[in-house]
Amino acid sequence: MCSACFMDRRPWEEHGHEGPASRKNSAGVIESYIVVQGVPFLSKWKIYTPDGVQDILCDDCYQKRELEHKLRMLFRSYGFNEIEPPAIEFYDVFASEGSGIMQENMFKFFDQQGRILVLRPDITVPVARITATKFKDAVWPLRFSYIGNVYRYNDYGGGKQNEFTQAGVEIFGVNTPESDAEVISIAIQALKTSGLENFQIDIGQVEFFNGLMEETGLSEEEISQIRLLINRKDNVGLGGFLKRTDIREDLKQLIFDLPRLFGHSDVIGKARSYNLNEKSKAALDNIGRILEILDDYGHSQYISVDLGMLRDLMYDTGVIFRGFTYGVGFPILAGSRYDKLAGEFGKECPATGFTLGVNMVMMALQRQKIPAEKPATDTFVRYRQEGRAAAFELCSVLRRQGLNVELDVSGMTVQDAVKYAAEKNIGGVISILDEDNVDIHYVQSGETARVKISELLKR
């Protein structure tokens, strides 16, 4: 494609091109293209968005911003300070295995010095970087919250979107069941604040699994395979794999039973009936303590235990949890304890937190048909030229009173204004006649009243 046609805007034929044309595609849509040396160069992509991203429009955008505002206020009420990492990070921030993000899932590009950059695929990792570098000498514990977009190829966290919004909190500098329980409690409150009531939080413990694996004598590759099979709930594959190992029989049975160690707090008692090492016992004790605290929070009805839950994030070091609701086939939130992540950036520090998928929550609200508040304009104001200054002042006063006011900038007639207001669900139309007088047009009733501006402002 010759760029000169765009750069100097000379006629197409001066560059040896036949010029612009159009045609209908198989769907009947007219596509524009440019004929270059007898070959049509299609330019249709300018009207589309790339795969994995979307325009968020009007009511949906309003709903999203309102949800973000509610979450931001919730996090602040728990004493969290909001931070905003950059959207662009060095690839090295996420390059280690500890980040848990595969490099092929990142959007990568180069800066002017040839260094590899990425659009951030996660916010927890940058927050750990910030904690270990910008707050290494601060008084701990530290409480951070955030709301921002992340970018990953084909990620379920955004409903198969490549760009989606994460909201979350992180606590650095303390390793207690109380801190884990508070984070889970905030996650529950976040879902309730969003408008969801029917949801479930599954809690697991990676150290329980790690304790079992210590007894097997298996290689890291073999352990990874078992992890994958358990995550997939592939009982047939798991059973076949275990048969080919030299693991003692009682341990084989426990590993095979892991996907079924799911339910209420009694699951912990069932797990204790097996022959466990001290690491696995301590993991069960940890979950038990967290459940007791969550019961005191009054959250027991939302909690279940899943000892077969194993996330792909390599930085998990303790309790892990995921949130589910009806109408969405993916977790809408996830969290964990990750005591080693900050150490990747030079400062050892225990940590716990969670992230919530804002887009996923919106999807759940829509599919559960939970009504969402929509933006509304209260008043439409039109004016004659002699009443222009009065119109501007009236709009300012009404807006200061908390009303949403749209000013006519197209010179509508009264009839057109009333029709426009009815179509946009605007409550009424105010016509400024002069500096003193206005007509109020009530859209629903069709009635009209003439009043003084001073009288109107008293209402």
Report whether or not ALA417 is farther than 23 Å from GLU386 by Cβ and assigned by TED's automatic domain parsing to the domain that holds ARG384.
no
Looking at the structure I just gave you, is TYR315 at pLDDT 95 or above and aromatic (Phe, Trp, Tyr)?
no
So if I check each of ARG143, ARG152, which one is at pLDDT 95 or above, among the basic types (Lys, Arg) and in contact with a strand residue (DSSP E or B) (Cβ under 7 Å, 6 or more places away or on another chain)?
ARG143
If you go through PHE164, PHE135, PHE144, PHE199, the only one that is over 18 Å from ARG72 (Cβ atoms), of a type outside the set (Gly, Ala, Ser) and in contact (Cβ under 8 Å) with a residue 60 or more places away in the chain is PHE199
Note on the stretch 231-250: residues among the hydrophobic types (A, V, I, L, M, F, W, C) and exposed (fewer than 11 other Cβ atoms within 10 Å of the Cβ) are VAL236
For the stretch 297-336, which residues satisfy the criterion of being in a strand (DSSP E or B) and charged (D, E, K, R)?
ASP306, ARG322
Which numbered condition trips up TYR420, out of (1) touching a strand residue (DSSP E or B) at 6+ places or on another chain (Cβ under 6 Å); (2) surrounded by 16 or more Cβ atoms within 10 Å (Cβ to Cβ)?
(1)
Here are some residues: ARG9, ARG23. Which one is exposed (fewer than 13 other Cβ atoms within 10 Å of the Cβ), out of contact with any Lys or Arg (no Cβ under 9 Å at 6 or more places or on another chain), modelled with pLDDT under 55 and not small (Gly, Ala, Ser)?
ARG9
Could you name every one of the helices (runs of 4 or more DSSP H) located completely within the stretch 350-459 that has at least 2 residues being farther than 30 Å from TYR146 by Cβ, in contact with a Phe, Trp or Tyr (Cβ under 8 Å, 6 or more places away or on another chain) and without any contact (Cβ under 8 Å) to a residue 60 or more places away in the chain?
414-423
I need the full set of residues from the stretch 109-126 which are in a strand (DSSP E or B) and either within 10 Å of ILE88 (Cβ to Cβ) or within 21 Å of the chain's Cα centre (by Cα) (or both), in order please.
PHE109, LEU117, VAL118, LEU119
Kindly list the number of the only condition in (1) touching a Ser or Thr at 6+ places or on another chain (Cβ under 7 Å); (2) over 24 Å from GLN225 (Cα atoms) that fails for VAL305.
(2)
Selected residue (only one of SER431, SER410 is exposed (fewer than 12 other Cβ atoms within 10 Å of the Cβ) and either at pLDDT 95 or above or of a type in the set (Gly, Ala, Ser) (or both))
SER410
For the stretch 68-86, which positions are in a helix (DSSP H, G or I), crowded, with 19+ Cβ neighbours inside 10 Å and in contact with an Asp or Glu (Cβ under 9 Å, 6 or more places away or on another chain)?
PHE75
Checked the stretch 214-247 for anything more than 20 Å from SER280 (Cα to Cα), of a type in the set (D, E, K, R) and within 33 Å of the chain's Cα centre (by Cα); matches are GLU221, ARG232, LYS233, ASP234
Among ILE171, ILE130, the single one that is more than 19 Å from ALA364 (Cβ to Cβ), among the β-branched types (Val, Ile, Thr) and in contact with a Gly (Cβ under 7 Å, 6 or more places away or on another chain) is ILE171
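The values are calculated or read from the model by the stated rules, or taken from the named source; none is laboratory data. Since the structure is predicted, the reported quantities are computational estimates derived from the model, not experimental observations. FYI the Cβ positions are ideal-geometry reconstructions off the backbone, even for glycines, and counts take in every protein chain you see.
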